[in-house]
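Asker: Sending over a structure as C-alpha cells; questions will come in a sec.
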Amino acid sequence: MTGSVVFLMAALATLVGLVPVWWFAKRREDYSHMRQTISELGETGAPDAKKVAIFAFAPAGHTLWLFVAALAFAVPQLADGSGLWLFALLGLGYVGAAMFPCDPGAPLWGTWRNNLHNLIAGIGYLGTVAGMTELGRAMEDVPALQSIARVSQLMGQGAFFGVFLLSFQSPVRGLIQRVLEAVFYVWMLMVATMLVMQ
C-alpha cells in the first residue's frame, strides 16, 4: 500500500512538474524549450508570469514535498540520513522560483530578485543531486531498493554535471535544464516503481 502511495506521489509530481510548463510554453510566442530555461516562463514582465508562479512553480514544489514525505513514510531507513532532506530542496527551488521571478533572459546576475532566484535554484539543484547520491548509498541497506542503489548514485553524480552546464549561457541551456529535470523525475518514478514491485 505505501509503495502505491509513493508511486502516486511520484506520478503526480511528474505531471505537475511537466504539464503546466508545456502549457505555458505553448501559450508564449517564440518560446524555445531548447534555448530558454523553465524560469523564463515566469520571468519579470512575462505575459503569464503570475499564473506560472501560482499554477506551475508553486504546485510543482509542493507535490515534490508530498513525494518526499510519502517516501519517508514508506521507507523509514531513508529518512534517517540527510538524503531525503537534500532531495526535498528541489521543491524549495520551485517555490523559490514562484516567489522570486528571474529577470528577462534568466541572467546569472541581475536584480536582487533575480540573484535570490538563482541562489535558491542553485541550492535546490545542488541539494537534489547530493540527495540522490546520498539516497543511493542508503538504498544499499533497503532490500527493495538495493538493485537501483548504484544507479541512483550514478544519476546523482551525472546530474551534477548538468547543474554545472546550466550555470552558463548557451544556445542549448533550455535543453540541458529539461534533461536535468527529466533525470530527477525518472529517478522518482524508478524508486516508486521498485517499491510497488516489492
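The values are calculated or read from the model by the stated rules, or taken from the named source; none is laboratory data. Please read all numbers here as calculations on a predicted model, not as lab measurements. Here the Cβ is made from the backbone with ideal geometry for all residues, glycine too, and neighbour counts use every protein chain on show. These accessible areas exclude ligands, DNA and RNA; they are computed on the full protein's heavy atoms, side chains included. Shrake-Rupley method; radii C 1.70, N 1.55, O 1.52, S 1.80 Å.
Listed here are the residues, each with its yes/no results for (1) part of a helix (DSSP H, G or I); (2) surrounded by fewer than 15 Cβ atoms within 10 Å (Cβ to Cβ).
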site: GLU134; (1), (2): yes, no
site: LEU145; (1), (2): yes, no
site: LEU154; (1), (2): yes, yes
site: SER170; (1), (2): no, yes
site: ILE176; (1), (2): yes, no
site: MET188; (1), (2): yes, no
site: MET194; (1), (2): yes, no
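Asker: Something else: Kindly provide the set of residues from segment 41-90 that are part of a loop (DSSP other than H, G, I, E, B), out of contact with any Cys (no Cβ under 9 Å at 6 or more places or on another chain) and of a type outside the set (Ser, Thr, Tyr), ordered by number.
Answerer: Those that are part of a loop (DSSP other than H, G, I, E, B), out of contact with any Cys (no Cβ under 9 Å at 6 or more places or on another chain) and of a type outside the set (Ser, Thr, Tyr): GLY45, ALA46, PRO47, ASP48, VAL75, ASP80, GLY81, ALA88.
Asker: Between SER39, SER32, which is more than 13 Å from the chain's Cα centre (by Cα), of a type in the set (Ser, Thr, Tyr) and over 19 Å from THR133 (Cα atoms)?
Answerer: SER32
Asker: For segment 112-119, indicate whether the set of residues that are closer than 29 Å to LEU195 by Cβ and open to solvent by less than 40 Å² (accessible area, probe 1.4 Å) is non-empty.
Answerer: No, the conditions are met nowhere in segment 112-119.
Asker: Further, regarding this structure: Given the condition in contact with a Pro (Cβ under 9 Å, 6 or more places away or on another chain) and either surrounded by 20 or more Cβ atoms within 10 Å (Cβ to Cβ) or within 21 Å of ARG113 (Cα to Cα) (or both), answer yes or no: does some residue in segment 58-76 qualify?
Answerer: Within segment 58-76, one or more residues are in contact with a Pro (Cβ under 9 Å, 6 or more places away or on another chain) and either surrounded by 20 or more Cβ atoms within 10 Å (Cβ to Cβ) or within 21 Å of ARG113 (Cα to Cα) (or both).
Asker: Identify the residue in segment 2-51 that is without any contact (Cβ under 8 Å) to a residue 12 or more places away in the chain and not hydrophobic (A, V, I, L, M, F, W, C) and, among all such residues, is nearest to GLN198 (Cα to Cα).
Answerer: So, considering only residues that are without any contact (Cβ under 8 Å) to a residue 12 or more places away in the chain and not hydrophobic (A, V, I, L, M, F, W, C), the one nearest to GLN198 (Cα to Cα) is LYS26.
Asker: Right, next: Could you check, for segment 24-42, whether at least one of its residues is surrounded by fewer than 20 Cβ atoms within 10 Å (Cβ to Cβ), touching a Pro at 6+ places or on another chain (Cβ under 7 Å), over 25 Å from ALA149 (Cα atoms) and not aromatic (Phe, Trp, Tyr)?
Answerer: Among the residues of segment 24-42, at least one is surrounded by fewer than 20 Cβ atoms within 10 Å (Cβ to Cβ), touching a Pro at 6+ places or on another chain (Cβ under 7 Å), over 25 Å from ALA149 (Cα atoms) and not aromatic (Phe, Trp, Tyr), which makes the answer yes.
Asker: Considering only segment 77-111, state which residues are exposed (fewer than 14 other Cβ atoms within 10 Å of the Cβ) and among the aromatic types (Phe, Trp, Tyr).
Answerer: TRP109
Asker: In segment 39-67, which residues are over 14 Å from GLY96 (Cβ atoms) and among the β-branched types (Val, Ile, Thr)?
Answerer: Residues satisfying the conditions are THR44, ILE54, THR63.
Asker: Cβ contacts < 8 Å: first residue closer than 16 Å to THR193 by Cα, restricted to segment 133-151; second residue open to solvent by 10 Å² or more (accessible area, probe 1.4 Å) and of a type in the set (Lys, Arg), any location; separation 6+ or different chain. Result?
Answerer: These pairs meet every condition: GLY136/ARG150; ALA149/ARG137.
Asker: Here is a follow-up. Considering only residues that are under 21 Å from ALA60 (Cα atoms) and part of a helix (DSSP H, G or I), which ones fall in segment 96-113?
Answerer: GLY96, ALA97, ALA98, MET99, ARG113
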